[in-house]
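Reading through the structure tokens given below for one structure.
The values are calculated or read from the model by the stated rules, or taken from the named source; none is laboratory data. Given the structure is predicted, the values throughout are model-derived calculations rather than measurements. Every residue, glycine as well, gets a Cβ built from its backbone with ideal geometry; the counts of neighbours run over all protein chains shown. Remember, those area values only see protein heavy atoms, side chains included, never the ligands or the DNA or RNA. Shrake-Rupley method; radii C 1.70, N 1.55, O 1.52, S 1.80 Å.
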Amino acid sequence: YGDFSYQLSGNGKPTIILETGAGDDMTEWESSISHFEQYSQVFAYNRAGFKGSYSQNKQRNAKTIVIELRELLKEVNIPPPYILVGHSLGGLYMRVYANTFPDEVSAVIQIDSTHPEFIKNCKSSDGSFIENPTGIPWWALLVLPNAIFGESKELCRSLDTASNNQYFPKVPLVVLTSNKVPNGIEKTSEKWAEMQSQQESLATLSPISKHIICNSCVHYVHQDKPELLTEALEWIFDKI
């Protein structure tokens, strides 16, 4: 079905699986991966469309991406269970993995994860999916990874898949949330309040959960304050 670039480091079980956000390859974890390696074996990879990875599957939605990841883990002989870690859109993909294969999951860490209600009204009146506009100019597509266009185009379908699956396993769940207002958004705005409320709701997916809010972090919480990963992992390994 394709070929994927990946790296495996550290020792121990269960293996920690790292899933990047939209537009990022596995170099996203370079500054924080040592915090994961202190606890267990770590698997990072590039989704299809990023450097060194491609797939014969044309659809780039959450369901396809989860199936490809699962097959890759089998191929490189990394058996479950896993600790699933996802940042931003990668957090949504890891939610879908946990919903789809709950018996393969030991714990989950969501880092400023995309919420299924991130974009509302993803369907037209006849029930068909509205193609999500990427907002990416044609010239940028010449230099950006192919995955950005494909995953953005099918974002609505991915959000729908995450919202329709209500089978999240009863495993330790840590939600890491940024609380530093990014440029262009007012902290008092309705949009900001909704975003924070969505993060709070992510922590209700499991009855065994911990919500860590970083007031000095923006979207890349694991890069701004990687020591929070240590806090999250200590809590998780005390529970599993």
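Quick notes on this one:
- Considering only residues in the range 10-25 that are at pLDDT 95 or above and closer than 10 Å to R47 by Cα, the one that is surrounded by the fewest Cβ atoms within 10 Å (Cβ to Cβ) turns out to be T20.
- Residue within the range 11-31 that is in contact with a Phe, Trp or Tyr (Cβ under 9 Å, 6 or more places away or on another chain), farther than 18 Å from H87 by Cβ and assigned to a loop (DSSP other than H, G, I, E, B) present: yes
- Test for E227: is it open to solvent by 50 Å² or more (accessible area, probe 1.4 Å), more than 22 Å from R95 (Cβ to Cβ) and at pLDDT 95 or above: yes
- Set Y82, Y39: member being modelled with pLDDT of 95 or more and within 18 Å of the chain's Cα centre (by Cα): Y82
- Helices (runs of 4 or more DSSP H) contained in the range 93-210 and holding at least 1 residues at pLDDT below 75, open to solvent by 30 Å² or more (accessible area, probe 1.4 Å) and of a type in the set (V, I, T): 146-153
- Just one residue in the set L8, L84, L72 is out of contact with any helix residue (DSSP H, G or I) (no Cβ under 9 Å at 6 or more places or on another chain) and in a strand (DSSP E or B); that residue is L8.
- Flag for T64 being part of a helix (DSSP H, G or I), out of contact with any Leu (no Cβ under 7 Å at 6 or more places or on another chain) and surrounded by fewer than 16 Cβ atoms within 10 Å (Cβ to Cβ): no
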